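Chemist: So that we are looking at the same thing, I have put the structure below in structure tokens.
We did not get these values from a lab; they are worked out from the coordinates using the rules stated. As the structure is a computational prediction, the values presented were derived from the model and not from experiment. Neighbour counts run over all protein chains shown; Cβ positions are idealised from the backbone, glycine included.
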Amino acid sequence: MLEVSGLSVDYLLDRGNVRAVDDVSFTVGRGEFLGIVGESGCGKSTLLFAVAQLLAPPAEVAAGTVTFDGVNLVGLTDKQLSVMRWRDMSVVMQSAMNALNPVKTIGAQFKDAMRAHGKFTAEEIAVRSADVLKMVGIDPVHLGSYPHQLSGGMRQRSMIAMAMLFTPDLVIMDEPTSALDVVAQRSLMVQIKELQLAFGFAVIFVTHDMSLISHFSDRLMVMYAGQVDELGATKTVFDRPLHPYTQGLLEAFPSIRGPRVPLKGIPGNPPDLSRVPSGCRFRPRCPYAIDKCAEVAPDLYPLDGTLVRCLRREDGSLAS
Amino acid sequence: MAMPVSGVPTETPAAQAPELGSGRALGRIGRAVRLNRKATIGAVLLGIFILIALFPGVIAHDSPTQDAYPAQLGVSTAHLLGTNHYGQDLFAQLVYGTRNVLLIAFVVGLATTTIAVLIGVAAAYLGGLTDSSLNVVTDVLLVIPLFPLLIVIAAYAHGGTTLVLIAAITLTSWSYTARQLRSQALTLRRRDFLEAARVRGERPAYIILVELIPTMTSLLVASFLTNALYAVLFASSLQFIGLGDPNTVSWGTTLYWAQNNAALQTGEPLWAIAPGFLIATLGAAFALLNYAFDEIGNPALRPVRRSKRARRTDA
Amino acid sequence: MTDELPRTELLRTESLSRHFKIGSALSRRTLHAVDDVSFAIGEREIVALAGESGSGKSTIARVLARIYKPTSGEVFFEGKPLSSMTSRQERLRYSGLVPMVFQDPFSSINPVFRVQHGVLRCLKLHRPSLSAAQRLEEAARVFDIVGLSPDMLQRFPYELSGGQRQRVGFAQALAMRPRLILADEPVSMLDVSIRIGLLNLMAKLRGEQGVSILYITHDIASARYVADRLIVMYAGQIAETGPIEDVLTHPRHPYTQLLLSAVPDPRAPLSVAAETDRGEPPRVIDPTPGCRFRWRCPLAIDRCAQVTPELAELRPAHSAACHVAQTSSDEVKAFT
């Protein structure tokens, strides 16, 4: 349904172009839940914006295609995109307080969204708005509430409800749970999964919290420094992480069950994207790096159904 | 840069443009001015005026006040702008007049900004009763119409020497800037590094002067430029209506004398037009420079600089 | 690391409350951010103060840092009440012994100065006997302890990553030779792979420098990694407290159980319980007596609506404020 191929996004800055997303390719099938995981600066949010065609200057797509239902979205005008926006693909942003208009009621914003994408009577709008709120577990009386009158969790749910107005085929979510506390986070995730199973839409979910997504996504994509480092079935990636970065990430989560062991984390910092290291971008922080890693930049390599970007996995010199 | 939200990791430094980043405030200002075309023009103009004010004798060979020449001469190489009704060389007058205007502009700009900073920022940071009482003073001055007040003060001082003009304009202008700076300081007040300074035991005066005000440099420079601009206009206006000292060599007083002698009607148009043009140009120079500071303060206003590289076509 | 009660007490709060007036002049109401909180922190221990937003944990930190005054109750440091510290000297001394590290690495350092500025100021204020050269030496020394190279002293904040800036925050605290560091969610805004480094640093400060830390967080897993004892806050009150391993393996308060069931752990199967609860901690405005968790608690009984539960010891050194937990002899399970 969605095919991203060779997508690269550049930021055109005074000091030169910085490639925030480098040659990323992946697919999302109908009803599939894809989790995109990475830390700050890895390009996941930029990637999301590029897929949703929401990039604003100085960012622009430098190469690649985003094919949605057979149509390449890159290069389409806003007018051409508006046919498909919100009806077939919708977006849930990171912080509802930034995305919701503080001076309009929830109902008014739903109305705006519906009017922007079709002709509806007031009756139809009212019914649909109440329906989507009920879908996410909010009493429809809150259509008359302002965002500041709702709690953080309820605001995020309203954002999701707004994304569901036309039951799109694909919902893109950019860290929708980060501003919430752990109990609210969990219940929101469960809610999203329930909706997905009920309505059959696909989800692309971007987050920095790997453990959060572990129970909900079908496939997992790990990004680092603008590139995809690992892509495979969630369970497989968790049980048997192939890329040293994925391994490091998984080990950086202290557990509340099981033995208390000292952890190391990943030493160093992500690279400055305007000055990426030669060869493999993760090399300066990789405990398994060899000389060749500084010379050759690895490509994604399929290994037992998972794609991994690591020379030593390719040549088999790194045992699982 | 994403808004810092609890629980969300933020960008690594390389991806951020230094917002208030560099301690090299001057360097940053210099860069902003160079890159913004409007500001560069403004800077160049201002530079020319400063040079004229510093070395008037180099540019104009005549004395501005000496009425040695035949009256009402036209434009010629000897007298670039001709002579006025009294036989004074107009060009020399205007060149020497630059000093007075720039002096007023800079001193008022500096004084106004200083007072506004001290009162506005202190009010914002200290809050409570101090804030309320300082606000009362500020608001009273804000409400009184500026120009009539100026006229009253200048008239009361029996025609202003330059010092009186400077004092009057400063006194009536600082309240606007104080309001502005107070608002800015209010938004900055809650920033953690100020709280951190307080928690480690710094005194309020130290926090305001050393920790808070330096983070407002671009706004302060912008305030300086705005106040300098208004000083030029107000001072010239006061001089024009006769409230300045008519013996001072300044553009406003030149205008005054031009008006007195009905220059436009009696065939000496340059006498009136030239000083007006200079006032407008200097004002424009300050205004143009200010564009650079708008950009520093609000990165969203920066124009997008497009890559000149040919774009690759879709794969 | 020890399960016993702290032997030497450093700081103690007694019935500490902090209320805020909200609303307009016409409808004045009181927000009870912190209500009747009593706990103690000893030497060489890390105490985790955990709770969600609105639980009061940050307010407690600010009361301890003397940013707010208590509405009622008292804080004792080294046996002396904070309210008796009236002279500037006493207050300065306290702020050096109990410094605070802030949450946001991007706004906790002044961007116009080099990063050494804060450390040098701390030294100037709190160790005035040092000469300028000695101050620079000390700054390099504390930077080294927190894992930053001395040449970083000359850098500007924008050149440092989030994790490095937080280390600068710890260095500033260390420069004053503190006894207790108030760390207000020091790792929440850092990437996951960077957090461990800071948590390890905190453990090192406890072990090598002998500093106690009050670690305020909403992330129980990180609390478990580094803390000795845990205090769970809910709606401004303490719900449960005790040695951290014991509280996590035998949670007695239903809220603690709810929190634990909601923590994502990829190695554990998805729990069902947390799916049904979608409430969030309340803002406590003009509260009535009774347990503040009762609306979300599946075990609530009549008494819960009438009497505010108090902390009572249920296991060694481990207390919970829950009527049901206190009256039942078996371990009650509200959320699995």
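Chemist: Could you state the number of Å between the C-alpha centres of the stretch C:285-312 and the stretch B:150-194?
Modeler: 57 Å
Chemist: Also, quick follow-up: Which value, in debye to the nearest 20, gives the size of the charge dipole of the protein assembly as shown about its Cα centre, when Lys and Arg are +1 and Asp and Glu are -1 at the Cβ? It would help to have the intermediate numbers written out before the result.
Modeler: Values: 94 positive and 87 negative charges, 228 e Å.
Charge dipole, the protein assembly as shown, about its Cα centre: 1100 debye, nearest 20.
Chemist: Mind jotting down the distance between the C-alpha centroids of the stretch A:63-89 and the stretch A:148-225, whole Å?
Modeler: Cα centroid to Cα centroid, the span is 22 Å.
Chemist: Rank B:Ala287, A:Ser90, C:Pro289 by how far each Cα sits towards the positive end of the charge dipole of the protein assembly as shown (+1 on Lys, Arg Cβ; -1 on Asp, Glu Cβ) and give me just the farthest.
Modeler: Going by the Cα projections, it comes out as B:Ala287.
Chemist: Which of the helices in chain A meet the span-like rule: DSSP H, Cα axial reach of 24 Å or more, Kyte-Doolittle mean at least 0.5?
Modeler: Helices meeting the span and hydropathy rule in chain A are A:182-199.
Chemist: Among C:Ala175, C:Leu214, C:Ser107, pick out the residue whose Cα is farthest towards the positive end of the charge dipole of the stretch C:99-242, where Lys and Arg carry +1 and Asp and Glu carry -1 on C-beta, about the Cα centre.
Modeler: Farthest along the dipole direction, towards plus: C:Ala175.
Chemist: I'm checking a number: the convex hull volume of the Cα atoms of chain C, normalised per residue, in Å³. What is it?
Modeler: On the way: hull volume 52.2 nm³, N = 336.
Enclosed volume per residue, from the Cα hull, is 155 Å³.
Chemist: Report, ordered by chain and residue number, the lysines lying within cross-link reach of C:Lys21, taken as a straight Cα distance under 20 Å and ignoring same-chain residues fewer than 8 apart.
Modeler: C:Lys57, C:Lys69
Chemist: Given all pairs of different Cα atoms, what value in angstroms does the Kirkwood hydrodynamic radius of the protein assembly as shown take? Present the calculation step by step, with values, prior to reporting the outcome.
Modeler: Working: mean 1/r = 0.0311 Å⁻¹.
Answer for the protein assembly as shown: a Kirkwood hydrodynamic radius of 32.2 Å.
Chemist: Sort B:199-210, C:9-20, B:231-242, C:180-191 for me by packing, meaning the mean count of neighbouring Cβ atoms within 10 Å per residue, highest on top.
Modeler: Top to bottom by mean Cβ count within 10 Å: C:180-191, B:231-242, C:9-20, B:199-210.
Chemist: Here's another thing I want to ask about it. May I ask you to derive the FRET efficiency for C:Arg29 and C:Arg315 from their Cβ-Cβ distance with R0 = 56 Å, giving the value to the nearest 0.05? Write down the numbers at each step before the final one.
Modeler: Values: r = 38 Å, r/R0 = 0.68.
Calculated value: 0.90.
Chemist: Could you work out the mean count of beta carbons from other protein chains within 10 Å of each residue's beta carbon in C:214-221? Walk me through the intermediate numbers first.
Modeler: Details: counts 0, 0, 0, 0, 4, 4, 3, 7.
Mean partner shielding for this stretch: 2.
Chemist: With only Lys, Arg, Asp and Glu charged, each at its Cβ (+1 for the first two, -1 for the last two), find how big the charge dipole of chain A is about the Cα centre; round to the nearest 20 debye.
Modeler: My answer is approximately 600 debye.
Chemist: Could you derive backbone 3J(HN,Hα) for the stretch C:244-252 from the dihedral phi with the Karplus parameters 6.51, -1.76 and 1.60 (θ = phi - 60°), listing whole Hz in sequence and x where the residue is Gly or Pro?
Modeler: Each residue's phi maps through the Karplus curve to give 5, 4, 5, 5, 7, 8, 10, x, 9 Hz.
Chemist: Ignoring solvent entirely, what values of log10 I(q)/I(0) come out of the Debye formula for the stretch B:223-275 at 0.20 Å⁻¹ when each Cα is a single scatterer?
Modeler: Log-scaled intensity ratios, in q order: -0.66.
Chemist: A follow-up question, please. Roughly what would the spin-label model give for A:Lys292 and A:Arg15, points 7 Å off Cα along C-beta, in nm?
Modeler: My value for the distance between the label points is 3.4 nm.
Chemist: Separate question: Got a sec? How would C:Ser129, A:Ser158, A:Ser151 order by Cβ neighbour count within 10 Å, fewest to most?
Modeler: Ranking C:Ser129, A:Ser158, A:Ser151 by Cβ neighbours within 10 Å, fewest first, gives C:Ser129, A:Ser151, A:Ser158.
Chemist: Among DSSP beta bridges lying fully in chain C, give the percent that are antiparallel, nearest 5. Don't skip to the answer; put the middle values down first.
Modeler: Values: 29 of 45 bridges.
The antiparallel proportion sits near 65 percent.
Chemist: On to the next question. Which order do the peptides A:190-203, B:278-291 take when ranked by the mean count of other beta-carbon atoms within 10 Å per residue, highest first?
Modeler: The densest-packed peptide leads the list: B:278-291, A:190-203.
Chemist: Additional query: When ranked by the protection proxy of mean other Cβ atoms within 10 Å per residue, highest first, what sequence do the peptides A:275-282, C:217-224 form? Don't jump to the answer; show the numbers that get you there.
Modeler: Working: A:275-282: 18.4, C:217-224: 22.5.
The most tightly packed comes first, giving C:217-224, A:275-282.
Chemist: Also, quick follow-up: In peptide B:185-197, how many Cβ atoms from other protein chains are near each Cβ within 10 Å, on average?
Modeler: Mean inter-chain Cβ contacts per residue within 10 Å come to 5.
Chemist: Work out the length of the dipole vector of the stretch B:105-211 about its Cα centre, built from +1 on the beta-carbon of each Lys and Arg and -1 on the beta-carbon of each Asp and Glu, and round it to the nearest 20 debye.
Modeler: Dipole magnitude for the stretch B:105-211 comes out near 160 debye.
Chemist: Where both partners of a DSSP beta bridge lie in the protein assembly as shown, what percent of those bridges are antiparallel, to the nearest 5? If you can, show how the numbers build up before the last one.
Modeler: Details: 60 of 96 bridges.
Roughly 60 percent of the DSSP beta bridges within the protein assembly as shown come out antiparallel.
Chemist: Taking a Cβ-Cβ separation under 4.7 Å as the criterion for a possible partner, which cysteines of chain C have none?
Modeler: C:Cys122, C:Cys297, C:Cys322
Chemist: Next question, about the same structure. Just A:Arg155, A:Arg19, A:Arg186 to compare: in a GNM of chain A, with alpha carbon springs under 10 Å, which one fluctuates most?
Modeler: A:Arg186
Chemist: For the stretch B:140-147, what does the Karplus curve 6.51 cos²θ - 1.76 cosθ + 1.60, with θ = phi - 60°, yield as ³J(HN,Hα) per residue in whole Hz, taken in order and with x for Gly and Pro?
Modeler: After applying 6.51 cos²θ - 1.76 cosθ + 1.60, I find 4, 5, 5, 6, 5, x, 5, 5 Hz.
Chemist: What does the convex hull of the Cα atoms come to per residue for the stretch A:1-41, in Å³? Walk me through the intermediate numbers first.
Modeler: Numbers: hull volume 3.1 nm³, N = 41.
Looking at the stretch A:1-41, the number lands at 76 Å³ per residue.
Chemist: Please state, as a whole number in µm²/s, the translational diffusion coefficient that the Stokes-Einstein equation yields for the stretch A:1-136 at 10 °C and 1.306 mPa s, with Rh defined as the Kirkwood radius across alpha carbon pairs.
Modeler: Value of D from the Cα-based Kirkwood radius: 94 µm²/s.
Chemist: Next question, about the same structure. In the stretch A:128-174, if the dipole is taken from +1 on Lys/Arg beta carbons and -1 on Asp/Glu beta carbons about the Cα centre, which of A:Phe166, A:Leu150, A:Leu133 is farthest to the positive end?
Modeler: Result: A:Leu150.
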